[in-house]
Amino acid sequence: MEFAHNELPANNLERLPISDPADKVDLRVGVINSVTKHPEADKLLLLSVDVGEGAQSTAAERRYRTIVSGLADYYSPEQLTGKMIVLFANLKPRKLRGIESQGMLLAA
């Protein structure tokens, strides 16, 4: 049995799973609770970010993450405190200048 190059019998088609790369990204909105300068780097800030259940969450439900960010040249700690940010939450924690960063800030 011969088929044209663009024709395949329907019973021989394999269904391949289609995965969307966006399914692997865990973006979360958090509120910056506090900001301090990195003790060993002039261009880095340490952000304590609340990624809990939102403003209605109790203290026990809040989950804080430390994010090390290179925003010191652009923002003061006072300008960032209380701001809402978007962060990548499912990245492997990395040490930056000795301090573990538990996510990455998404900024434009």
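The values are calculated or read from the model by the stated rules, or taken from the named source; none is laboratory data. On a predicted model such as this, the values are computed, not experimentally measured, just so you know. Cβ placement follows ideal geometry from the backbone for every residue including glycine, while neighbour counts extend to all protein chains displayed. Surface areas here come from the heavy atoms of the whole protein model, side chains and all, with no ligands, DNA or RNA. Shrake-Rupley method; radii C 1.70, N 1.55, O 1.52, S 1.80 Å.
Among the residues in region 7-25, are any farther than 18 Å from LEU106 by Cβ and at pLDDT 85 or above? No, every residue in region 7-25 fails to be farther than 18 Å from LEU106 by Cβ and at pLDDT 85 or above. As a summary of the residue check, ASP50 satisfies the conditions (1) charged (D, E, K, R); (2) open to solvent by 40 Å² or more (accessible area, probe 1.4 Å); (3) at pLDDT 90 or above; (4) under 14 Å from the mean Cα position of the chain (by Cα) except for the one numbered (2). Is it the case, given these coordinates, that LEU71 is farther than 21 Å from VAL25 by Cα, crowded, with 16+ Cβ neighbours inside 10 Å and modelled with pLDDT of 90 or more? So LEU71 fits the description; yes.
Within the bounds of region 78-86, is there any residue that is open to solvent by 100 Å² or more (accessible area, probe 1.4 Å), outside any strand (DSSP E or B) and at positive phi? Break it down stepwise before answering.
In the first step, residues of region 78-86 are kept if they are open to solvent by 100 Å² or more (accessible area, probe 1.4 Å); the result is 78, 83-84.
From what's left, outside any strand (DSSP E or B): 78, 83.
From the residues that got through so far, the ones that are at positive phi too are none.
No, region 78-86 has no match at all.
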